[in-house]
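The values are calculated or read from the model by the stated rules, or taken from the named source; none is laboratory data. Please read these numbers as outputs of a predicted model, since none were measured by experiment. Note: ideal-geometry Cβ built from the backbone for every residue, glycine included; neighbour counts use all protein chains shown. These area figures cover heavy atoms from the full protein model, side chains too; ligands, DNA and RNA do not enter into them. Shrake-Rupley method; radii C 1.70, N 1.55, O 1.52, S 1.80 Å.
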Amino acid sequence: MTDIGIEQLSLPGLMLFETPRFADGRGAFSETFNANRLKQSGIEVSFVQDNFASSDRAGTLRGLHFQRPPHAQAKLVRVIRGRIWDVAVDLRQGSPTFGKWQGVELSAQNWNQLYVPVGFAHGYVTLEDMTEVFYKVSDFYAPECEGGVVWNDPNLGIAWPLSDSVPCLSEKDERLPQLEDIRPPFVYGAADAAEKRS
C-alpha cells in the first residue's frame, strides 16, 4: 500500500497527513490510521478515545480547546463530510513559536488529517453546512482539566475565514479567556517526552 505523505508544518510537532485514497467503480478505500506508520514518522502516541462532532451550519466555530496535564491530549483530526479550517496554537512555554498559530483546510474531498501534539490549543470553523469531524485523542476526556483560549484573541490574530463577523459559538467558547490571562500548563520538550511514555 502507498505510504501516507507527511508534511511537517511551520509549528514544530504539528503535522499534516496526506492520506492516499484508492478508488474504483465501487467507490473508494483509505487506511486512515496505522500505529506503526505513526511510529515510523516519529510519533509515539497511543490514542484511547474517538470523538465525533457534527455542525449544521457553515461558520460554526469550536475552540480553541486544550486539556491540562495529567490528561493532556494529542489529536488526529479528519473530516468525513464537508470542510473545515482547522487551527492549532502553540501553548508550550519556551517554544520558539509560542503563541503562533497555523491553519489548514481539511475536507471530505482531500482526505487530509492534522496531527496536533500535546501543548497546543485546537479549534476549527466549518466552511460548509452539515460538516462532520472525527478525531482521535490520546487521553480520556477530563472536564476538570479543560482549558481554552478565546477564538478572537487580538494578540493571536487568527485570520478565521468567516463570511460573517461573528461565528456560531457555544456560550462556553464565548467566555474563554485570552492567552495573556492564563498560564499555559505546557513546557516545550516536555510534551514530547510525555507522549512517548503513553
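With the contact rule set at Cα under 8 Å and sequence spacing of 6 or more, what percent relative contact order holds for the stretch 60-165? Write out the running numbers ahead of the final one.
Details: 228 pairs, mean separation 44.2, N = 106.
The value is 42 percent.
In Å², what does the accessible area per residue of the chain work out to with a 1.4 Å probe?
50
Please list, by residue number, every one of the trypsin sites (Lys or Arg not before Pro) in the stretch 82-145 that is coil in DSSP and has at most 15 other beta-carbon atoms within 10 Å.
Taking the stretch 82-145 and a limit of 15 other Cβ atoms within 10 Å, the loop trypsin sites (Lys or Arg not before Pro) found are LYS100.
Would you be so kind as to identify which of GLN40, GLY25, HIS71 lies farthest towards the positive end of the dipole of the stretch 1-96, taking Lys and Arg as +1 and Asp and Glu as -1 on Cβ and the Cα centre as origin?
HIS71
Given Cβ point charges of +1 (Lys, Arg) and -1 (Asp, Glu) and nothing else, what value in debye, to the nearest 20, does the dipole of the chain about its Cα centre take?
Value, rounded to 20: 420 debye.
Going by amide H atoms built from the backbone, whose H comes under 5 Å of the H on THR60, apart from near neighbours?
Excluding prolines and chain starts, which carry no amide H, the hits are THR126, CYS168.
Under the definition of Cα pairs under 8 Å and six or more residues apart, what whole-number percent is the relative contact order of the stretch 2-46?
23
Given a cut-off of under 8 Å on Cα pairs at least six residues apart, what relative contact order in percent is computed for the stretch 132-184?
Numbers: 20 pairs, mean separation 24.4, N = 53.
Relative contact order, the stretch 132-184: 46 percent.
Here are a few candidate values for Cα extents along the principal axes in Å: (i) 56, 32, 31; (ii) 53, 32, 27; (iii) 54, 42, 29. Which one was actually calculated from the structure I just gave you?
This structure yields the entry labelled (iii).
Please state the charge dipole magnitude for the stretch 65-138, taken about the Cα centre, from unit charges on C-beta atoms (+1 on K and R, -1 on D and E), reported in debye and rounded to the nearest 20.
300
About the Cα centre of the stretch 99-166, what is the dipole size in debye to 20, counting +1 per Lys and Arg Cβ and -1 per Asp and Glu Cβ, all else neutral?
Approximately 280 debye in magnitude.
May I ask which residue of LEU179, LEU14, ALA190 lies farthest towards the positive end of the charge dipole of the chain, with charges of +1 (Lys, Arg) and -1 (Asp, Glu) on Cβ and the Cα centre as origin?
In the chain, that residue is ALA190.
Leaving out ligands, DNA and RNA, and with a 1.4 Å probe, what % of the accessible surface on the chain is carbon or sulfur?
48
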